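Okay, so here's the structure we're looking at.
Since every read-out is calculated from the coordinates, none of them should be taken as a lab result. What you are looking at is a predicted structure, and each value in this text was computed from that prediction instead of being measured. Glycine also receives a Cβ, built like all others from the backbone with ideal geometry; neighbour counts cover every protein chain displayed.
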Amino acid sequence: MVWKILAEMFKDSPKKLYVAKQLFAYGLRIDSKGRILLGNVKVPYASFASAIGVDRRTVKETVMKLLQNEQTKIFFTNIEPAGPFLIKVSRILGYRCLAIEVFEDRPGIIAMVATALAKRGVNIVQILAEDPNLVERPKLYIIVAGEVPGDAISEILKNSNIKSITVQ
């Protein structure tokens, strides 16, 4: 598992572990020459470092270390960004966003929410689940076309694992 490898690799350097997690969070790829790429767009070390609040050298050292391990090299040279996240523009597009927080990360949450929405003819446009390895209080975001019926919200909230649901 990549998380265990990264934790061991950077056990003495929390800033470098942070850099690796940020590369992952943004879907940034590293090429064989150590360049950071967003798709095919080169991201300078200094720009990335500034954006995440670390020194440029920390970014460069992290990238080079990731390329030295075969598993992290394969992982980071093949990762791709997932595309646009619609939460902040969902209303402009005529969509709504459900932000769901759970007590515990376990299987079936997406299926349960999707079923509650499908029974009411609500079309899901996008789903994004924040990774518990990256986010302290991860949320599940579900972008839907149109409005969300109140009885769908009630059904979702009946699940004992759902901590909260917000419709934006």
For the range 122-168, convex hull of alpha carbons as volume per residue, Å³
83 Å³
Using 0.36 nm per residue, how much length does the chain from LYS42 to LYS15 gain when fully extended, once their Cα-Cα distance is taken away?
7.5 nm
The chain, dipole about Cα centre (Lys/Arg Cβ +1, Asp/Glu Cβ -1), debye to the nearest 20:
480 debye
Shape category assigned to the range 1-75 from the gyration tensor of Cα positions, a/c cut at 1.5:
oblate
Short version: what are the Cα gyration tensor semi-axes of the range 22-168, square root of 5 times each eigenvalue, largest first, in whole Å?
36, 16, 13
Rounded, prolate or oblate for the range 33-75? Axes are the square roots of the Cα gyration tensor eigenvalues, ordered a ≥ b ≥ c, and the cut-off for rounded is a/c under 1.5.
oblate
Kindly state, as a whole number, the per residue volume in cubic angstrom of the convex hull around the alpha carbon atoms of the range 73-156.
119 Å³
Taking +1 at the Cβ of each Lys and Arg and -1 at the Cβ of each Asp and Glu, which of ASN78, VAL122, VAL89 sits farthest along the dipole of the chain towards its positive end, judged by Cα position relative to the Cα centre?
ASN78
Cα-Cα longer than 29 Å, checked against LYS4/LYS158; LYS21/LYS88; LYS4/LYS33; LYS42/LYS88; LYS60/LYS139, kept in input order, equals LYS4/LYS158; LYS60/LYS139
Calculate, in nm to one decimal, what SER160 and GLN68 gain on full extension: separation in residues at 0.36 nm each, minus their alpha carbon distance.
28.7 nm
Binned at 5 Å starting from 0, the alpha-carbon pair-distance distribution of the range 65-122 in whole percents comes out as 4, 13, 12, 13, 17, 13, 12, 9, 5, 2, 0
Could you name the aspartates and glutamates whose alpha carbon sits less than 17 Å from that of LYS65, not counting residues in the same chain fewer than 8 places away?
GLU8, ASP12, ASP31, ASP55
